[in-house]
Amino acid sequence: MTRWKNIVLNVCCVMIAALAPLLATAAEAQTSVQARLAAYRERVARLEDQDAVENLTATFGFYFDKGLWNEAADLFARNGSFEYGQSGIYIGQDHVRHAMLLFGPQGLAPGYLNNHMMLQAIITVAPDGKSATGRWQGPVQLSEPGQNGVWGVGVYENEYVKEGGVWKFAKFHFYPAAFTDYDKGWARSLLPMKGQSALFPPDKPPTVLYRSLPGNYIPPFSYKHPVTGKPLTDLPEAVDSVTGRK
């Protein structure tokens, strides 16, 4: 009887030894599947974040165009900031509303046009999904009662934060590159940016002092070069004859 027990034990040991690699491979495969699923979940989450940031910015554009200042300001985080050209920085939703009133009354009265298009988006979501940046190209159409229309163009460099599970503006910054009279055009008319308001003073001065066209300031890029991986934050520029910056 002992002899048969030994034979059975030996056979079992051989079978276990033979199956061990297969069991290990199956376990590794299961682990690999779980890891891939986790990676896919993270990827989908970041893509959903990117989509939410794009929708947030587009929503702001529609509100801002039509003078819906309250609705536009509600898209900002508690300590979110708004900066437009050389007008200074407004911090917090109440001050952001004050800044927007400089563009016209709530709802835009007759004769006002405030179109700010947001195109060519590059959105970068942080790996943890809690913050993001976005760079946009911005054609502008403006008018006020009794004044000529204005064409403009500029670049948005915004920062976003997920607050309470909802994406909001942490920093909204529009860098106008050029303004011109609607009738005269770029070749015969270059309009300067507006300065800081005495009626609704900003909380902080502008982030950077620069001129729109004929100035040539290029806002630093919030994202790295997609091929070289190098940052584009210190770009070569000619010295501005008025501000002295480059």
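Throughout, read-outs are computed from the coordinates displayed, never taken from laboratory work. Quick caveat: nothing in here was measured; it's all calculated off a predicted structure. Note that each Cβ is placed from the backbone with ideal geometry, even for glycine, and that neighbours are counted across all protein chains shown.
Express in % the proportion of alpha carbon pairs of the stretch 145-246 at distances exceeding 25 Å. Distances greater than 25 Å cover 37 percent of the Cα pairs.
Over every Cα atom in the stretch 141-189, the radius of gyration and the widest Cα-Cα span, Dmax, amount to 16.2, 49 Å.
First select every other residue whose beta carbon is under 14 angstrom from the beta carbon of ALA132; then total the charges, Lys and Arg +1, Asp and Glu -1.
Once positives and negatives cancel, what remains is -2.
Packing-based ranking of 136-144, 80-88 yields 80-88, 136-144, ordered from highest to lowest mean Cβ neighbour count within 10 Å.
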